[in-house]
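Values in this text are rule-based calculations from the coordinates and carry no lab data. Note that the structure is a prediction, hence the values are computed from the model and not measured.
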Amino acid sequence: MNPSKYLDQLFISKVRIKALRYFVTHPDEPIHLRGAVRELNEEINAVRRELSRLEEIKLLTSERRGNRKYFHVNTGFLFFDDLRSMIYKTYGLGGDVVKNATKLGEITFAALTQSFMQGTATPNPTGLDLIVVGENITMDLLDNIVTRQEDSLGRHINYTVLAPRDFELHKRRRDTFIMQLRGLRPQPNPLLSGPLRLIELVFLEFQGPVHHSLAVRSVGPRD
């Protein structure tokens, strides 16, 4: 399964897809036109046209700094969370999990933390970036996926794997680890039908420290 094909069909303009991906994954980094041209590696007129269209619908805002106009994503945009969900299910760590879902094992769902999606270069101080719940998970493949994304991001990624029964047990106990997961909502997703119907990337936010005393596999920093 290659989720990028879905975006190619939903958004005809490849420049627009690149722009959406950049702004969604860099929410705190305003950029001017020529900077966007370099980041997107596209022709200046095409980039200018797409930025103008995104500004017209209020997904982007802009401000003048000297003689340059800087664009910034509007995280209050009506469909921002939906776009962010699509982007993170298509590219990067989330995209790799989706693409390799059948090879990874019997995944119930996978979750990226809210802080992971902030686009910052620093690790999540609360502990986890990714949680995978499932059976018979191919740990070597998952670790390869995480390592590849670490190299790309230039930062360490913390992840944990839980069996569904353990996850349910921690929920029943109202364990601190589980209670720190806000907005947990695994749902059916038409993009993940058929053999992938059990996997759903859910975006969570952690509060407070993560307790690693649980019976989970937690991957620490590499030497």
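Quick notes on this structure:
- In straight-distance terms, cross-link reach from K171 covers every one of the aspartates and glutamates whose alpha-carbon lies under 18 Å from its own, apart from those fewer than eight places away in the same chain; here that gives E135, E205.
- Cross-link partners of K14 among lysines (Cα-Cα below 21 Å; sequence separation of 8 or more within a chain): K5, K58, K89, K99
- Volume per residue that the Cα convex hull of the range 4-73 spans, once the total is divided by residue count, Å³: 86 Å³
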